1. Evaluate the charge dipole of segment 167-307 about its Cα centre and quote only its size in Debye, nearest 20, assuming +1 on the Cβ of each Lys and Arg and -1 on the Cβ of each Asp and Glu.
2. Out of all DSSP beta bridges with both ends in the chain, state the antiparallel percent to the nearest 5.
3. How far apart, in nanometres, would the label points at I65 and D92 be if each is projected 7 angstrom from Cα along the Cα-to-Cβ direction?
4. Mind jotting down a quarter of the surface of the convex hull over the alpha carbons of the chain, in square nanometres, one decimal?
5. Using a Gaussian network model on the chain with a 10 Å cutoff between Cα atoms, which of G48, G304, G107 fluctuates the most?
6. For segment 95-106, what does the Karplus curve 6.51 cos²θ - 1.76 cosθ + 1.60, with θ = phi - 60°, yield as ³J(HN,Hα) per residue in whole Hz, taken in order and with x for Gly and Pro?
7. Two-decimal Rg/Rh of segment 167-307 from alpha-carbon positions, Kirkwood Rh?
8. Which listed residue (G250, A225, Y278) has the Cα farthest towards the positive end of the charge dipole for segment 167-307, taking +1 on Lys and Arg C-beta and -1 on Asp and Glu C-beta about the Cα centre?
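Just so it is clear, none of the values below were taken in a lab; they were calculated from the coordinates. Worth saying up front: this structure is predicted, and the values here are computed from it rather than measured. FYI the Cβ positions are ideal-geometry reconstructions off the backbone, even for glycines, and counts take in every protein chain you see.
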Amino acid sequence: MTRAAVLHEGTDVLTIEEITSTPLDPREVRVRTKACGLCHSDYHVIDGTLARPRPHVLGHEAAGIVAEVGSQVTAFAPGDHVVTCLVMGCGDCKRCAQGQPTLCTGGAATKRAAGEPPRQQTLDGRPITGFANVGGLSEEIVIDERGLVAIGDDVPMDLAAILGCAVVTGLGAVFNVADVQPGDSVAVIGCGGVGLNVIQGARIAGASQIIAIDLSPAKLEAAKALGATDTVDASQSDAVAEVQRLSGGGVDHAFEVIGRPATAEQALAMCANGRTAYVLGVMSDDAEFSVRAEYTKRGKSLRGVMMGATRPRVDIPRYVEMWRRGQLDLDGMVSRRLPLDDVNDGFRAMAAGEVNRAVVVFP
Ligand SMILES: [Zn+2]
Ligand SMILES: [Zn+2]
């Protein structure tokens with residue numbers, strides 16, 4: 001038995017309860033969880049923006065120690081330190097072969113087939129699903145090996161946890177998609193866990209101007225600490241006009257990291273002619289926003305970015321190396337550590353904008 005934070009039907013409060021796991025499939029790994037970050041995507045399940053079958057274990061940004069491996073697993077052994085990443089390319093489809101596992105079309109390969117027992121279940125035998133095929137807010141994770149990346153024993157688990165979502169999403173957008181160059185100007189709308197990592201990535205890439213936009217003075221302070229050169233409090237001024245003024249006519253790259261139609265439109269308005277706005281924020285699938293025809297004439301582009309176009313086993317070791325060299329600040333990202341029993345308060349603090357990243361730490 002293992003303790004987990006379970007989201008049941010008809011409630012927005014997680015219950016801490018004992019659950020059980022079933023025997024491993026050949027390519028699965030059992031991980032003893034040591035830390036799991038709280039992400040807005042998890043919160044979107046709680047608030048109903050993302051519909052998921054319940055009972056459900058949230059959490060997809062975890063780090064831990066391998067406890068047991070399935071019969072076909074050769075890349076991991078008990079005792080290995082690992083992080084989870086929800087980008088689980090099947091390894092066999094055309095997109096995976098092209099190095100684009102975030103666009104994998106063979107997702108079924110990393111899940112249990114219909115008719116198989118669930119990976120985890122309640123004590124009275126009801127199947128439990130794990131968010132993003134991970135389910136990290138549990139003392140034990142059962143996961144396909146393709147959702148794991150080995151890290152060195154020198155990375156503290158509470159810092160390692162955030163590599164799997166906040167860091168890969170933010171830095172991946174900068175390095176894998178926007179390809180920010182030294183001297184470029186950047187605007188970032190939304191300074192939560194992902195937005196702060198876009199800011200860090202832009203700093204590491206050598207951007208000369210990094211404009212952070214948020215409604216929270218505390219978030220803007222955090223943005224400055226992680227590399228923002230200018231800040232705009234969007235509750236006090238017109239963010240688009242401010243960015244246009246500060247950058248002298250628009251930025252080279254504008255990143256929307258909130259997930260709202262209005263801010264996606266603002267990102268496009270903030271970028272310079274011929275440049276690109278990137279939407280990282282998660283919106284409900286039927287949300288719509290409009291694009292001024294003028295922007296096509298001015299050569300602007302709008303690009304959606306899925307999970308930083310991450311290739312987990314290429315990018316996460318790179319980011320660990322950036323951390324070792326003092327370039328990537330993970331410590332400054334984790335502003336609250338809490339036990340699993342306090343997970344509801346952790347989500348409350350996250351939704352209230354009180355934390356850069358809150359991380360649940362397991363004994
Ligand atoms: Zn996430
Ligand atoms: Zn694939």
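1. Working: 11 positive and 15 negative charges, 62 e Å.
Rounded to the nearest 20 debye, it is 300 debye.
2. Values: 34 of 62 bridges.
Approximately 55 percent, going by the DSSP bridge assignments.
3. Placing both labels 7 Å beyond Cα along the Cβ direction yields 3.4 nm.
4. Values: hull surface 70.0 nm².
Averaged projected hull area, Cα only: 17.5 nm².
5. Looking only at G48, G304, G107, the largest GNM fluctuation is found for G48.
6. Karplus-based 3J(HN,Hα) across segment 95-106 equals 5, 4, 4, 8, x, 10, x, 5, 9, 3, 9, x Hz.
7. Values: Rg = 13.3 Å, Rh = 14.4 Å.
Using Cα coordinates only, the ratio equals 0.92.
8. Highest projection toward the positive end goes to G250.
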